[in-house]
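The values are calculated or read from the model by the stated rules, or taken from the named source; none is laboratory data. Everything numeric here is computed off the predicted structure, so don't read it as measured data. No Cβ is skipped: glycine too gets one built from the backbone with ideal geometry, and neighbour counts run over all protein chains shown. Note: areas computed on protein heavy atoms with side chains; ligands, DNA, RNA excluded. Shrake-Rupley method; radii C 1.70, N 1.55, O 1.52, S 1.80 Å.
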Amino acid sequence: MVSCILQNEQPNQVLIMDDGSTDHSFEKLKKWNDGKQIMVFGKANQGKARALNDILPYVTSEFILEVDADDWLDPDAIAVIKEHLSELPHDSSLIYGNLRKWKQLAADVLFKRVAKGRPVTGRASLLSYPFPLGPRVYRTSSLRKIGGFPVIEFENGRLYEDVSVLDHLLKHSPFRYRDMTVYNVREHKESITKNNHPNWKKFLNSLQ
């Protein structure tokens, strides 16, 4: 959250959802809530898709940058992304770039590498993408057009939510890759996606 606020160019708004934390994070986050630029919400843990759908009605900007709790932005991320958005074709629902990956240590993080993105040209290239697309910058109207983030039957919509929404969006509009590296990903042993990797094939079979 702090990296979203400490930007060289301020975002229009920062919407924060505490999805059932058990470490008093919600009480700490509420101190940042000014009801205008920064709004803090809380709910029981029901998965990321439901959490993001609860926030979607409060979005007033044309685009949404999704930031996971373990990740952070470079200080110039908003400025860089806005430059790319100014050239985005009107038919595109999402832009994304590269990821800077870090390994979580006991009390620090260790830089690993920059994972270069590549163009997604269809469903096959999306589902074979070697790592999550990021940063994910959605066109707000495109998300609303498909009814928000889909809550699928597989694992009650609590796994691979980012792929589910991208799979839905891609049916209606193209994505655009931009060679930008402003998004930092923290990899750790508790990663839900890593711990559930054997379910990936089951998830693919559940898609229609």
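Assorted remarks:
- Surrounding net charge for ARG139, when Lys and Arg each add one and Asp and Glu each subtract one, Cβ distance under 15 Å: +3
- Across segment 1-113, C-alpha contacts under 8 Å between residues 6 or more apart give a mean separation that, scaled by the residue count, equals a relative contact order of 27 percent.
- Summary of the geometry: segment 139-155 and segment 98-134, compared by the centres of their Cα atoms, lie 22 Å apart.
- Per-residue 3J(HN,Hα) values for segment 130-142, derived from phi via the Karplus relation 6.51 cos²θ - 1.76 cosθ + 1.60 with θ = phi - 60°, read x, 7, x, 5, x, x, 8, 10, 8, 7, 4, 5, 5 Hz in sequence order (x marks Gly and Pro).
- Whole-Hz ³J(HN,Hα) from phi, Karplus 6.51 cos²θ - 1.76 cosθ + 1.60, for segment 9-26, glycine and proline x: 10, 5, x, 4, 7, 10, 10, 10, 10, 8, 9, x, 5, 10, 10, 6, 4, 4
- The accessible area of THR121, taken with all protein chains in place and a 1.4 Å probe, comes to roughly 130 Å².
- Amide H contacts for VAL137 (H built 1.01 Å from N in the peptide plane; partners 5 or more residues away or on another chain; cut-off under 5 Å): ILE95.
- Shape category assigned to segment 13-120 from the gyration tensor of Cα positions, a/c cut at 1.5: oblate
- Farthest positive-ward along the chain dipole, Cα basis, beta-carbon charges - from LEU170, GLN37, TYR138: LEU170
- Mean separation of Cα contacts under 8 Å, 6 or more apart, over the residue count of the chain: relative contact order %: 26 percent
- Global form of segment 82-186, assessed from the alpha-carbon gyration tensor, a/c cut-off 1.5: oblate
- For the chain, the solvent-accessible area with a 1.4 angstrom probe is 56 square angstrom per residue.
- Phi-derived couplings, Karplus 6.51 cos²θ - 1.76 cosθ + 1.60 at θ = phi - 60°, listed residue by residue for segment 55-72: 7, 3, x, 8, 6, 10, 8, 6, 10, 10, 9, 8, 10, 6, 4, 8, 9, 8 Hz, with x used for Gly and Pro.
- Gyration tensor verdict on the chain (Cα atoms; rounded if a/c is under 1.5, prolate if a/b is larger than b/c, oblate otherwise): rounded
- Debye, to nearest 20: dipole size of the chain, +1 on Lys, Arg Cβ, -1 on Asp, Glu Cβ: 540 debye
- The chain, accessible surface, carbon-and-sulfur percent (1.4 angstrom probe): 52 percent
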